[in-house]
Amino acid sequence: MTVQYRVVVAKKDERIAGPDDADVVITVPLTDAAADDFDPTVAYMRGSLKAAGHTGQILDLLKSGAAADAITQLVATA
């Protein structure tokens with residue numbers, strides 16, 4: 001399984017990690033991802049974190065913490 005993470009800074013301005021042909025694509029706005037209390041699982045349930053791909057794989061990424069780690073690294077590249 002391949003994953004692409006996208007942190008949206010502004011319209012047409014995204015920080016991207018992962019291949020373009022990824023099986024799962026996770027997108028979150030920078031304002032949400034940079035918040036002190038950011039939790040990708042909560043953001044997914046609230047609808048601010050968008051994900052495309054197999055739902056089981058998405059939930060596995062959220063549960064394992066892999067999504068949180070990758071998003072935190074993208075936010076830190078400011």
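Return yes when Y5 is within 10 Å of L74 (Cβ to Cβ), of a type outside the set (S, T, N, Q) and buried (at least 18 other Cβ atoms within 10 Å of the Cβ) and no when it is not.
Yes, satisfied.
For V42, all conditions in the list (1) free of Cβ contacts under 8 Å to residues at least 40 places away in the same chain; (2) among the aliphatic types (A, V, I, L, M); (3) surrounded by 15 or more Cβ atoms within 10 Å (Cβ to Cβ) hold save one; what is the number of the exception?
Result: V42 passes all but (3).
Condition first: of a type in the set (G, A, S) and in a loop (DSSP other than H, G, I, E, B). Now tell me which residues in region 42-78 satisfy that.
If the condition is that a residue be of a type in the set (G, A, S) and in a loop (DSSP other than H, G, I, E, B), then G47, S48, G53, G65, A78 are the ones that fit.
Can you name every residue in region 49-67 that is buried (at least 17 other Cβ atoms within 10 Å of the Cβ) and without any contact (Cβ under 8 Å) to a residue 60 or more places away in the chain?
L49, A51, G53, I58, L61, L62, listed by residue number.
Just so you know, all these numbers are worked out from the coordinates, no wet-lab data involved. Here the structure is a predicted model, which means the values were calculated and not measured. Note: ideal-geometry Cβ built from the backbone for every residue, glycine included; neighbour counts use all protein chains shown.
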